[in-house]
Amino acid sequence: MTAVTIPGLEQAPTNHARLLAWVQEVAELTCPDEVVWADGSQGEWDRLTQKLVDAGTFVPLKKKPNSFWAASDPSDVARVEERTYICSVREEDAGATNNWMDPSEMKAIMTELYRGCMRGRTMYVIPFCMGPLDAEKPMLGVEITDSEYVVVSMHIMTRMGTKALALFGEDADFVPALHSLGAPLEPGQEDVQWPCNETKYISHFPETREIWSFGSGYGGNALLGKKCYSLRIASVMARDEGWLAEHMLILKLTSPENKAYYIAAAFPSACGKTNLAMLEPTIPGWKVETLGDDIAWMRFGEDGRLYAVNPENGFFGVAPGTDYHTNPNAMRTIAKGNSLFTNVALTDDGDVWWEGMGEPPAHLTSWKKQDWTPDSEELSSHPNSRYCTPIEQCDIKAPEWDDPKGVPISAIFFGGRRATTIPLVTESRDWQHGTFMGATLSSETTAAAVGKTGVVRRDPMAMLPFIGYNAGDYFQHWVDLGKRADADKLPKIFYVNWFRRGDDKRFLWPGFGENSRILKWAIERIEGKSAATETPIGYIPTAADLDLEGLDAPVEDIEAALEFNADEWRAEIPLVEEWFAKIGDKVPTTLRDQLETLKQRLG
Ligand code: GDP
Ligand code: PGA
Ligand code: MN
Ligand code: MN
């Protein structure tokens, strides 16, 4: 029995023995002033947002109902891949693409960091469910956190509180996810507006399905249902159980003949998922509706097709570049309010502003809380600044977005941000070739992770920072799933690049709503209705094969965007070889064969 009495600890709204024991253990370790079980109610939202306003963390927006502006500590603005660990029992199971530490060693280090780390703060217990609440097997988790910002963000991003806790039957399994800002308060010590710790760890224990996060309050480091659970831990579950947990948007595309298709697309962070998910087609008669903008869980249905579900409940979208011209649906979604904005600029009349929104106002408060004018040298908003908004209020959400059955996927797109080499669109020859495309995907680094931006790196299936196990085993899992299913029932795989540049560095393809032309071509390929040319890297359309009616762009640019350039591809081969060498023995034979075939075709 414990000697410690912490207010609230005894008032648990559940009898789930394992959950109660864990909450007790964490409370005794971290020593919060009180324990509060999050219920997900409006009252809780109001109370916590007010608390954040009083603390100076939030500024209520006058121009958007029930919405708030926040600026993080300038050192806590993105995912920290350097500090992210996969602590599998065997190092080999984390593989060359992950940081690894022995689980007991990591737990020893982090236990000392957690000791007393919630002193002076409230410890919140957030029961949550990733994916629909009425799923056959609801995917449960509990995040413990000492951050009110995390609690209110989880209100938007997950199904949480009382409705999730109701699913915790006696023997219900759940993923325990422990988070602390690592910023205890001594008696009388004044809090800062964005508490965090210089020391950060984002640790995953794949065998025991646990998450331990310390020191950061931002995004994927702190909202543990997202990247930590729904990608890193879920990818391990998916490997063991024969499904896929992927960094993919899910959209519904309806043709003028009223035929609906579902498409999933994996692009690295800040490479266009949210924009494509909410696309407004520029071609008449075609319609896009949104199911998800970041994560897809895909399982085989009884009919042998791959069905996708979005585990999330909100969008955590990149703000800069979002505008009525590029992503009007995101703008309409956030205009309804009930949203959080972090690290964007604040206007004098109480609205948000960021780069890409047109003419800047004469004066702003920047994300660094400094005066900002159009003459300022610095950006008003951090490049990884985000809006956080409920899917529910997106006008173009597909009616089936919350259906536990999921939606059957017809096409998978892989894509990256490459100034050269990768054509606008390439169709794979088959699943195994498509898996090769995904496994060798490359992209220029962006501001979504701390580190240098614009450096080309391999980002397999856009999952480099999110594969919870050995990348070679992950490739094998993709190969195996393709063998398990009927070839004609598998989604067709395409490789896209919206970001190829001309000699003068401008983008060759206008992108955004115009990407509907590529979606149309892909669907018509599946239907056997559109043409393509076979090249050593796959099937590529000519400009004439695409519907370019009404497109305001020089045809030479489109041709340059579509070009297969053998020299550029020959230069790519050593990079792919280097990449496979890094992964090591576990690269599937099928993918090595694909590489050999590619080399032969390139001559
Ligand atoms: P996500 O992080 O993968 O969801 O990417 P977003 O959709 O939020 O986009 C990230 C950045 O890329 C934003 O600044 C967008 O404006 C920009 N972007 C998205 N789609 C396109 C496109 O088709 N062409 C170009 N040039 N930029 C795009
Ligand atoms: P996104 O998601 O950049 O893919 O939208 C957040 C992240 O990956 O950090
Ligand atoms: Mn993401
Ligand atoms: Mn996004």
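Leaving out same-chain residues fewer than 8 places away, which aspartates and glutamates sit with a Cα under 18 Å from that of Lys483?
Counting by Cα, and skipping residues close in sequence, Lys483 has these aspartates and glutamates nearby: Asp240, Glu241, Glu302, Asp303, Asp430, Asp473, Asp593.
What number, in nm² with one decimal, is the all-direction average of the projected area of the convex hull of the alpha-carbon atoms of segment 275-352?
Values: hull surface 29.3 nm².
Across all orientations, segment 275-352 yields a mean hull projection of 7.3 nm².
Rounded to the nearest 5, what % of the DSSP beta bridges within the chain are antiparallel ones?
65
Please go through the residue pairs Lys252/Lys273; Lys259/Lys336; Lys489/Lys520 and name each one whose alpha carbons sit more than 25 Å apart in this structure.
Details: Lys252/Lys273 14 Å; Lys259/Lys336 30 Å; Lys489/Lys520 19 Å.
Beyond 25 Å between Cα atoms: Lys259/Lys336.
Computed over the Cα atoms, what is the radius of gyration of segment 310-360 divided by 2.2 N^0.38 Å, N being its residue count?
So segment 310-360 has a normalised radius of gyration of 1.16.
In whole Å, largest first, what are the principal axis extents of the Cα atoms in segment 315-393?
If we take the Cα atoms of segment 315-393, the spans are 38, 23, 23 Å.
Of all the accessible heavy-atom surface of the chain, with the other protein chains kept in place and a 1.4 Å probe, what percent is carbon and sulfur? Walk me through the intermediate numbers first.
On the way: 11290 of 22920 Å².
Of the solvent-accessible surface of the chain, carbon and sulfur hold 49 percent.
Is the C-alpha gyration tensor of segment 372-443 telling us rounded, prolate or oblate? Criteria: a/c under 1.5 is rounded; beyond that, a/b larger than b/c is prolate, otherwise oblate.
oblate
Cα axis of helix 42-54 to longest principal axis of the chain: angle in degrees, 0 to 90, nearest 10?
80
Counting only Cα atoms, I'd like the Rg/Rh figure for the chain, Kirkwood definition for Rh. Present the calculation step by step, with values, prior to reporting the outcome.
Numbers: Rg = 23.8 Å, Rh = 24.8 Å.
Checking Rg against Rh, the ratio lands at 0.96.
On the principal axes of its Cα set, how long, how wide and how thick is segment 354-393? Give whole Å, largest value first.
38, 20, 14
Run the 1.4 Å probe and let me know the accessible area of Trp569, rounded to the nearest 10 Å².
Around 30 Å² of this residue is reachable by solvent.
By the gyration tensor of its Cα atoms, with a ≥ b ≥ c the square roots of the eigenvalues, what is the shape of segment 100-227: rounded for a/c under 1.5, prolate for a/b over b/c, or oblate?
Numbers: a/c = 2.10, a/b = 1.39, b/c = 1.51.
In terms of gyration-tensor shape, oblate.
On a 0 to 90 degree scale, rounded to 10, what angle separates helix 566-583 from the longest Cα axis of the chain?
Computed tilt is about 40 degrees.
So, for segment 235-302, what is the accessible surface per residue at a probe of 1.4 Å, expressed in square angstrom? Provide the component values of the computation, followed by the final result.
Values: 1990 Å² over 68 residues.
Result: 29 Å² of accessible area for each residue.
If the chain between Gln193 and Asn99 were fully stretched, how many nm would it gain, using 0.36 nm times the residue separation less the Cα-Cα distance? Mind showing how you got there, number by number?
Numbers: separation 94, 0.36 × 94 = 33.84 nm, distance 3.08 nm.
Taking Gln193 through Asn99 to full extension adds about 30.8 nm, to one decimal.
Report, to the nearest 10°, how far helix 589-602 tilts away from the longest principal axis of the Cα atoms in the chain, using its own Cα long axis and a range of 0 to 90°.
Its long axis makes an angle of about 40 degrees.
Determine the shape class of segment 478-561: with a ≥ b ≥ c the square roots of the Cα gyration tensor eigenvalues, call it rounded for a/c under 1.5, and otherwise prolate if a/b is greater than b/c, oblate otherwise. Write out the running numbers ahead of the final one.
Values: a/c = 2.32, a/b = 1.84, b/c = 1.26.
In terms of gyration-tensor shape, prolate.
Calculate for the chain the 222 nm mean residue ellipticity that helices alone would give, adding -39,500 (n - 2.57) per DSSP H run of length 4 or more and normalising by residue count, nearest 500 deg cm²/dmol. All intermediate terms of the calculation are to be shown ahead of the outcome.
Values: 15 runs with 152 residues, N = 603.
Dividing the helical sum by the residues of the chain leaves -7500 deg cm²/dmol.
Determine ³J(HN,Hα), in whole Hz, for all residues of segment 203-220 in sequence, where each value follows from phi through the Karplus function 6.51 cos²θ - 1.76 cosθ + 1.60 and θ = phi - 60°; x replaces Gly and Pro.
Whole-Hz 3J(HN,Hα) from phi for segment 203-220: 10, 10, 10, x, 5, 9, 6, 10, 10, 10, 10, 9, x, 10, x, 9, x, x.
The values are calculated or read from the model by the stated rules, or taken from the named source; none is laboratory data. A quick note: this is a predicted structure, and the numbers were derived from the prediction, not measured. Surface areas here come from the heavy atoms of the whole protein model, side chains and all, with no ligands, DNA or RNA. Shrake-Rupley method; radii C 1.70, N 1.55, O 1.52, S 1.80 Å.
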